[in-house]
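The block underneath contains the structure these notes are about, expressed in structure tokens.
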Amino acid sequence: MEIYLRYILNSLILLIIPFASALILIWVARKVIARIQDRLGPNSSGSWAGPYAIFQTLADAVKILTKELIIPEGADRVVFLAAPAVVVAAALLVWLVIPFGPTLQGMDPDIGIFYVVVLTPFTLFSMIMAGWSSRNKYASLGTFRAVAQMVSYEIPQFLSLLLPIMLTGSLSLQRLVLAQQLPFALVLPIPALIYFLAMTAEVGRLPFEQAEADAEIVAGYFTEYSGMMFGAFYLAEFINNFSASLIFATLFLGGWRGPWVEQVPALGPVWLVLKGFLVFLVLMLFWGAMPRLRIDHILNFNWKLLTPLALAMLIVIAWVNRLAFDLGATTLAARAPWLLLANLGVGIVTWGILRLVDRRAKRRRDAQRFEPFLE
């Protein structure tokens, strides 16, 4: 009975934390992007929103909640209203399996990673529901882009996700953290980079922000949403960004592991949140500094580079891991140098192939440029 009560308490805490963290992260994102782009903020534009504009997010939340909810004429009302609820539910349910410490976890299923993977399509479904039910061409175009992008980038993301599972022999997120005496980002740098890029595309951050593309299609799949329903999409976007950052930290940065955690278990959540926050800051750096890629460039980058590279890494790492084990490296720490060398080898080969492709493309461009003069 005590175990069930602990799970219920942890679940309630972890369902409240995302809403509180989203308010803070929205403020952080605004401050970081304003510094990168050298833009004026509330404190510099004549209005006062508290010290360092800490109350601006709260004021915006009140404004959104009090705005009128408008449903377009001809929209499918049931699907239109259900889409924001689906995206928020999917964003919150991920937090139940994230291990914040040795004992602080909503639930620890043996298939924790599979649970996270299964929740990913719900965000996709909510985009489809929102765009299709709106009966708006801009929303439909944003939906098409979102579906093409997310379905494409799920493949390299899942392929790179298989490597930590293969090395630990478990789908439990808690066991993955316990197995990382060395963070997997040091042992598997290329799969970690592939996962990070695919994750960035999944959460729709620049340079992969094609589902919204405000300069082209207004706001993408939630163009017709207003008031609290628009706020639900906006809130879920930041929760998904931080959730993805925490999942990346759990899979590749050692999760809650860190100095003095064994002596003081309460430091576990601190280390995980700190690692996740650093990953979140990288996403914000992309948001403020990177240009938006075209949709064909985004898809070409996935199908012509990320997916083949992720598949090659899966094959090479599986072979090297088995070879090292047969040669006597029975522990993951003993196999780590072998795995790192395999990553370096694949990276060098990939760099050579990209150089060769670039040279051939340059020769073709030069031939096309000088072709009129040769005639």
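The values are calculated or read from the model by the stated rules, or taken from the named source; none is laboratory data. Quick caveat, the model's predicted, so the values are computed rather than measured. Quick reminder, even Gly has a Cβ in these numbers, built from the backbone with ideal geometry, and neighbours come from all protein chains shown.
Assorted remarks:
- Restricting the search to helices (runs of 4 or more DSSP H) fully inside segment 176-287 and requiring at least 3 residues that are polar (S, T, N, Q) and either buried (at least 22 other Cβ atoms within 10 Å of the Cβ) or out of contact with any Asp or Glu (no Cβ under 8 Å at 6 or more places or on another chain) (or both) gives 227-252.
- Taking segment 74-103 as the range and being outside any helix (DSSP H, G or I), out of contact with any Gly (no Cβ under 7 Å at 6 or more places or on another chain) and under 26 Å from Ala266 (Cα atoms) as the test, the residues that pass are Ile98, Thr103.
- Exactly one residue out of Arg335, Arg365 is surrounded by 13 or more Cβ atoms within 10 Å (Cβ to Cβ), of a type in the set (Lys, Arg) and assigned to a helix (DSSP H, G or I), and it is Arg335.
- Unmet requirement for Pro337, which otherwise passes all of (1) at pLDDT below 90; (2) within 17 Å of Ala185 (Cβ to Cβ); (3) in contact with a helix residue (DSSP H, G or I) (Cβ under 8 Å, 6 or more places away or on another chain); (4) not small (Gly, Ala, Ser): (3)
- Filter pass, Phe55 being out of contact with any helix residue (DSSP H, G or I) (no Cβ under 8 Å at 6 or more places or on another chain) and among the aromatic types (Phe, Trp, Tyr): yes
- In segment 32-45, the residues that are within 17 Å of Met284 (Cα to Cα) form Cβ pairs under 7 Å with partners that are modelled with pLDDT under 75, at six or more places apart or across chains, as follows: Ala34/Gly41.
- Of all residues making up segment 17-51, the number that are at pLDDT 75 or above and not basic (Lys, Arg): 20
- Filter result for the condition that a residue is farther than 17 Å from Leu182 by Cβ and exposed (fewer than 14 other Cβ atoms within 10 Å of the Cβ), over Gly347, Gly328: Gly328
- Residue check for Ser140: surrounded by fewer than 23 Cβ atoms within 10 Å (Cβ to Cβ), among the hydroxyl-bearing types (Ser, Thr, Tyr) and in a helix (DSSP H, G or I): yes
- Checked against (1) part of a helix (DSSP H, G or I); (2) at pLDDT 85 or above, Leu171 passes all but a single condition, namely (1).
Results for (1) in contact with a helix residue (DSSP H, G or I) (Cβ under 6 Å, 6 or more places away or on another chain); (2) surrounded by 13 or more Cβ atoms within 10 Å (Cβ to Cβ); (3) over 30 Å from Thr250 (Cα atoms), shown as yes or no for each residue.
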site	(1), (2), (3)
Pro51	no, no, yes
Ala59	no, yes, yes
Lys67	yes, yes, yes
Ala82	no, yes, yes
Gly101	yes, yes, no
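- Selection of segment 102-148 for residues being closer than 29 Å to Leu272 by Cβ and either touching a strand residue (DSSP E or B) at 6+ places or on another chain (Cβ under 6 Å) or among the polar types (S, T, N, Q) (or both) yields Thr103, Gln105, Thr120, Thr123, Ser126.
- Boolean, Arg322 is in a helix (DSSP H, G or I), among the basic types (Lys, Arg) and within 22 Å of Leu186 (Cβ to Cβ): yes
- For segment 149-166, the count of residues that are modelled with pLDDT of 85 or more, over 21 Å from the mean Cα position of the chain (by Cα) and not basic (Lys, Arg) is at least one.
- Scanning segment 112-134 for residues that are over 15 Å from the mean Cα position of the chain (by Cα) and either crowded, with 22+ Cβ neighbours inside 10 Å or closer than 19 Å to Gln210 by Cα (or both) yields Gly112, Phe125, Ser126, Met127, Ile128, Met129, Ala130, Gly131, Trp132, Ser133, Ser134.
- Leu354 vs. criteria in contact (Cβ under 8 Å) with a residue 60 or more places away in the chain and more than 21 Å from the chain's Cα centre (by Cα): no
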